[in-house]
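See structure below.
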Amino acid sequence: MAIVTLSDVHKVYPLGKTEVHAVQGVSFDIEEGDFISIAGPSGSGKSTILNMIGCIDTPTEGSVTIDGTVTNDLNDNEITTLRHKVLGFIFQSFNLVPVLNVYENIEFPLLLGKSIPAKAERKEWIEYIVGEVGLDRWMNHKPNELSGGQRQRVAIARALATKPRIVLADEPTANLDSKTGEQIIELMKQVNTDLGTTFIFSTHDHTIVEIADHVIRLQDGKVIKNERRSSSDESEAIGAGSGTTADRAGE
Amino acid sequence: MTTLKMAIRNILRQKKRTILLGGAIAFGVMIITLVGSLTSGLAVNANRTFTNLLGGHIYVSGSEVTASGREVTVVRDVASLEEALLSIENEIEEIHFRSQAGGEMIFGSATEPIQLSGVDWDSETTLRSNLDLTQGNIADVQLEDTIIVPEPVLDALGVVMGESVLVRLTSITGQQTVGDFVIRGTVADAGNFGLASGYVSRSYLNGIIGMTEDQFQRVNIGLVDTTLVDSVAQTLESELILLGKLEIVEEEETGGPPNPAMMMQGMGFGFQVDEEDRWEGTRFVVTTINDTMEPVLTVVNLLDQVALGLFVVLLTITMVGLLNTFRMILIERTREIGTIRAVGMQRKEVRNMFLFEALTLAVVGAAVGMILSIALGAVFGAIPFGSGNPAFSVFLDGDTLAFPFNLGNVIVTLAILTAGTLFSAYLPARQAARMRPADALRTSY
Ligand SMILES: Nc1ncnc2c1ncn2[C@@H]1O[C@H](COP(=O)(O)OP(=O)(O)O)[C@@H](O)[C@H]1O
Ligand SMILES: [Mg+2]
């Protein structure tokens, strides 16, 4: 069963007296363990779709199903709990809590919710993920003492803290130089392999898209291509909404 | 604990702003705490001064009408008094029987008004140890004609220790008499509202004002528990009423509580009583320290209310500042709020985090304010006031002000501060909690 299902999702933003139809009837499935790229030019609706998958925004029409739960009907408390349990977030501009050090930033999500793990248990797990993102020596530093790449590594570790099944990353490399950006994507890929976490990231940089094993390409709020690549690098198009056959020319 | 940690770190994020706000809170709290402890110090000191001055907490005086129709202040019906006192037996710490007389001290051609308390030196051990003699030896009170007078009287008359003086007095039946005394001790003026009071032997005084050696005019009762003054006095009064021995004093007539000087003097001294108003045997009047304390407490309450008003005004200004600050914080941290909401913090937790931050600021400010007020109290409490204004010295402990810790005041202050803080931080906090995470994350402050 798919871990994420969007079916005929629309999103309309009010903009002054007019409306912006940011997402126009998008449907797709994401399988657990996928390393997925939502690709497309700026303004194509990537963030909007990621926000709806991340349950921080709701569709105007259509449904979003996360891990078997239709999110449309949940109240704010339930949706927040769902985010906490199932989802992890990585942001373009890192969004670390400036008053907390690296360890505390990663620990933060673990202190929310009803079942807070014991201190020793937290410590062991955080030390493991900090090792995984290669920041062992920066544990006690504040975010403003770190480079952009390092901050994004902290953000990845934070996203992994609650052992979510899905991690969402909206343009995680956009504020990084290309070399660092690639390293970040590679790190995400490595975590995806090591922990089996589903990663959904958006980007408008096609060199990064290459690493993904499933690419959903957007243009003007519609899916124009939905392709899954097998490990042997062969591409396989998946039936989706309009424009499935379009090529990359739109970028 | 993380919430506290985050609150403190967030507060320290904008140090200038924090110092300004916290400083304003600290200042307000300091003022109200300082004034509160000053006024309770004034009340405590005044109470102690009056207790010493009047020799107890409850005073019973008795008067009767002589065959010739004159009212004289003397307790001859000791049996009734003793019976009434049985009802409050367990509340009494000490009890003293005194005589009183007002008159003028004469030395050469100079005269000075003085109130004399006739005391039984053998039983009044508390008085003996409380009388802080500036000159002379307390042991000399064994000599029957010893008089202990305030320094200012001595100076005014130009008389020195060891010299004999005359005191012109009125006897209980209203006759003019004169007594011989020898000055064997002086005290700093106890400040009986400017009226000097001297201490003499009761039996010796009785002889001068027309009473027998063992008679007395009033009973001064010191209580075990000073908070029970009113209820114990009431018990005693109702007991005396039962015995038919209480004189009902019309309070309206005298226009307010009796002043200490009047109380020391006793009520009647030889006035003719109208035929129809006369009574048989001894009639008693019960007064208490609280009657005397009433004007002091009025002033103290007024001061407290002014300080409270000032505190509320200061607090209101501060709270407007707090409200604006938290609105600003809300804008500054919009994206942060979006982040922590995305990560899984519930609305209520976000709201509480903001409220907690405001409360932490208030509590730290209050703690600083209270420490400052204690420090200032210690400084002001060390300033010697000397014997400048005798009326003012009623409020002093020795020659300094007292600043006792007033728990009630502190609790009221903290309650008002907490309510004000929660009230002004609530709206921004709720606004933060209600922000939609997607919108919050999109902002680029
Ligand atoms: N809150 C909003 N209000 C109005 N229009 C919006 C809002 N968010 C996004 N849009 C519009 O929706 C479209 C898709 O935006 P977005 O999802 O951010 O695209 P991308 O992330 O691919 O750049 C754009 O035209 C954008 O201007
Ligand atoms: Mg975007």
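All of the numbers you see were taken from the coordinates with simple rules; none came from a lab. Just so it is clear, the structure is predicted and the values come from calculations on it, not from any experiment. Here the Cβ positions follow ideal geometry from the backbone for every residue, glycine too, while neighbour counts run over all protein chains shown.
Within the straight-line cut-off of under 18 Å between alpha carbons, the lysines reachable from B:Lys15 are A:Lys142, B:Lys5, sequence neighbours fewer than 8 places apart in one chain being disregarded.
Using Cα-only point scatterers and the Debye equation, what is log10 of I(q)/I(0) for segment A:1-112 at each q in 0.11, 0.21 Å⁻¹, rounded to two decimals? Those come out to -0.42, -1.25, one per q. In order along segment B:83-95, phi translates into HN-Hα couplings of 5, 5, 5, 4, 5, 10, 2, 6, 8, 7, 8, 8, 9 Hz, rounded to whole numbers, per the Karplus curve 6.51 cos²θ - 1.76 cosθ + 1.60 with θ = phi - 60° and x for Gly and Pro. Looking at the protein assembly as shown alone, DSSP beta bridges between its own residues are antiparallel in about 70 percent of cases. Amide H to amide H distances under 5 Å link B:Asp397 with B:Ala402, where only residues 5 or more positions off or on other chains count and H is placed in the peptide plane. Put in line by how crowded their Cβ is, counting other Cβ atoms within 10 Å and starting with the fewest, B:Thr111, B:Thr334 read B:Thr111, B:Thr334. Mind giving me the FRET efficiency for B:Ala375 and B:Ser164? R0 is 51 Å, r the Cβ-Cβ distance, nearest 0.05 is fine. Once the sixth-power term is evaluated, E becomes 0.45. Take the Cα of A:Arg229, step 7 Å toward its Cβ, do the same at A:Asp194, and the gap between the two points is 2.3 nm.
Does segment B:50-189 classify as rounded, prolate or oblate by the C-alpha gyration tensor (a ≥ b ≥ c root eigenvalues; a/c under 1.5 gives rounded; else a/b over b/c gives prolate, otherwise oblate)? It comes out oblate by the Cα gyration axes. Our helix-only sum for chain A, with -39,500 (n - 2.57) per DSSP H run of n ≥ 4 divided by its residues, gives a mean residue ellipticity at 222 nm of -9000 deg cm²/dmol. Stretching B:Ala156 away from B:Ile383 to a fully extended chain increases their span by 78.9 nm, per 0.36 nm per residue minus the current alpha-carbon distance. Among all the aspartates and glutamates, which ones have a C-alpha under 18 Å from B:Lys16's C-alpha, if same-chain residues fewer than 8 places away are not counted? Result set, ordered by chain and number: B:Glu332, B:Glu357. Using the average count of surrounding beta-carbon atoms within 10 Å as a protection proxy, the listed peptides B:65-71, A:196-202, A:181-187, B:196-202 rank, highest first, as B:196-202, A:196-202, A:181-187, B:65-71.
By the count of other C-beta atoms within 10 Å, a proxy for reagent exposure, B:Ile208, B:Ile331 are ordered fewest to most as B:Ile331, B:Ile208. P(r) tail, segment B:11-112: Cα-Cα pairs separated by more than 17 Å, 76% of all pairs. Kirkwood radius and radius of gyration were both taken over the C-alpha atoms of segment A:2-237, and their ratio Rg/Rh is 0.96.
Using the rule -39500 (n - 2.57) for each DSSP H run of four or more residues, divided by the residues of chain B, the 222 nm mean residue ellipticity is -17000 deg cm²/dmol.
In this structure the amide hydrogen of B:Phe216, modeled in the peptide plane, comes within under 5 Å of the amide hydrogens of B:Val75, none closer than 5 places in sequence on its chain. Tell me, what is the FRET efficiency for B:Thr126 and B:Leu302 to the nearest 0.05, using R0 = 41 angstrom and their Cβ-Cβ distance as r? Calculated transfer efficiency: 0.80. With the biggest extent put first, the Cα atoms of the protein assembly as shown measure 133, 50, 48 Å across the principal axes. Per-residue 3J(HN,Hα) values for segment B:308-324, derived from phi via the Karplus relation 6.51 cos²θ - 1.76 cosθ + 1.60 with θ = phi - 60°, read 5, x, 4, 4, 5, 5, 4, 5, 4, 4, 4, 6, 5, x, 5, 4, 5 Hz in sequence order (x marks Gly and Pro).
Modelled label positions at A:Asp136 and B:Lys15, each set 7 Å beyond Cα in the direction of Cβ, lie 3.5 nm from each other.
Under a 5 Å amide H cut-off, with hydrogens placed 1.01 Å from N, A:Gln219 pairs with A:Ile224 among residues at least 5 apart or on other chains.
For segment B:366-445, the C-alpha radius of gyration sits at 2.01 times the compact-globule guess of 2.2 N^0.38 Å, with N the residue count. Listed by chain and number, the lysines whose alpha-carbon sits under 21 Å from that of A:Lys163, ignoring those within fewer than 8 places in the same chain, are A:Lys85, A:Lys114, A:Lys119, A:Lys123, A:Lys189.
Taking the Cα centre of the protein assembly as shown as reference, the dipole from Cβ charges on Lys and Arg (+1) and Asp and Glu (-1) amounts to some 4720 debye. In segment B:100-177, taking the dipole from charged Cβ atoms about the Cα centre, the farthest positive-side position among B:Leu127, B:Leu116, B:Pro150 is held by B:Leu116. Estimated at 0.36 nm per residue, the fully extended path between B:Glu280 and B:Thr227 surpasses their Cα-Cα distance by 15.6 nm. Counting only DSSP beta bridges with both residues in chain A, what percent are antiparallel, rounded to the nearest 5? Beta bridges within chain A, antiparallel portion: roughly 60 percent. Each Cα pair under 8 Å and six or more residues apart adds its sequence gap; the mean of these over the residue count of chain A is a relative contact order of 26 percent. Panel order for A:Ile106, B:Ile383, by other beta carbons found within 10 Å of each beta carbon, from fewest to most: B:Ile383, A:Ile106.
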